[in-house]
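One structure is given here, and the rest of the page talks about it.
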Amino acid sequence: MNILVILGHPDRSSLSGALAEAFAAGACEAGATVKLLRLGELEFDPILWHGYRGGQPLEADIQQAQEDILQADHLVWVFPIWWGGLPALLKGFIDRVFLPGFAFRYRRGSSLWDRLLAGRKATVLATMDSPVWYYRWVQHRPAYHQLRHSILGFSGITPMRWYGFGPVRTASQAQRETWIEQARVRGIKVAANGR
């Protein structure tokens, strides 16, 4: 299995960075081929200046990210929930990478579209300062719905499994280490059976 782990936190030394590393280590331990993409270390303009009208050349790192996604069987998204949603860096990456002709294609004369990334699965590891129950039941998980329906599902990447970690702000070191171990075990399970 080919697994692409995408770290959406700009700081690799963050808890999100530790979760991404642990997931990748567990998946490697279980025999998967794993690539870890740290968005904070890529060189690209996160702004889609002309929308989907084109005219914006793809940087080498964006071209490579598209290749990595095409080669992956499973995409793992690791990021913090900021203001209820995706970090700006991650959203900018998605805007620049998940383009028409790559992630989807509208059908001529129709409101339907082709999902060009079908056949891939996804796992999300999201950290947050609020309790996980609060994010789910009070805030109604806006990042979850955006990723599952408007980005990944729209592009054909299904199913998506979501794992929340929080509250981070008040977590002890022992709790953080437990979460990191859970990410490693999740990596083993995904590599072993795809879920």
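The values are calculated or read from the model by the stated rules, or taken from the named source; none is laboratory data. Owing to the predicted nature of the structure, the values given are computational and were not obtained by experimental measurement. No Cβ is skipped: glycine too gets one built from the backbone with ideal geometry, and neighbour counts run over all protein chains shown.
Residue-level check: of (1) more than 21 Å from Leu147 (Cβ to Cβ); (2) in contact with a helix residue (DSSP H, G or I) (Cβ under 7 Å, 6 or more places away or on another chain), Leu58 misses just (2).
The condition (being surrounded by 18 or more Cβ atoms within 10 Å (Cβ to Cβ) and farther than 24 Å from Thr158 by Cβ) is satisfied by just one residue among Gly17, Gly55, Gly8: Gly17.
Here Leu89 clears all of (1) over 26 Å from Arg186 (Cα atoms); (2) modelled with pLDDT of 95 or more except the condition numbered (1). Of all the criteria given as (1) touching a residue at least 12 places away in the same chain (Cβ under 8 Å); (2) hydrophobic (A, V, I, L, M, F, W, C); (3) out of contact with any Phe, Trp or Tyr (no Cβ under 8 Å at 6 or more places or on another chain); (4) surrounded by 15 or more Cβ atoms within 10 Å (Cβ to Cβ), the one not satisfied by Trp82 is (1). Somewhere in region 174-189, is a residue without any contact (Cβ under 8 Å) to a residue 40 or more places away in the chain, among the acidic types (Asp, Glu) and more than 16 Å from Leu4 (Cβ to Cβ)? Yes, the conditions are met somewhere in region 174-189.
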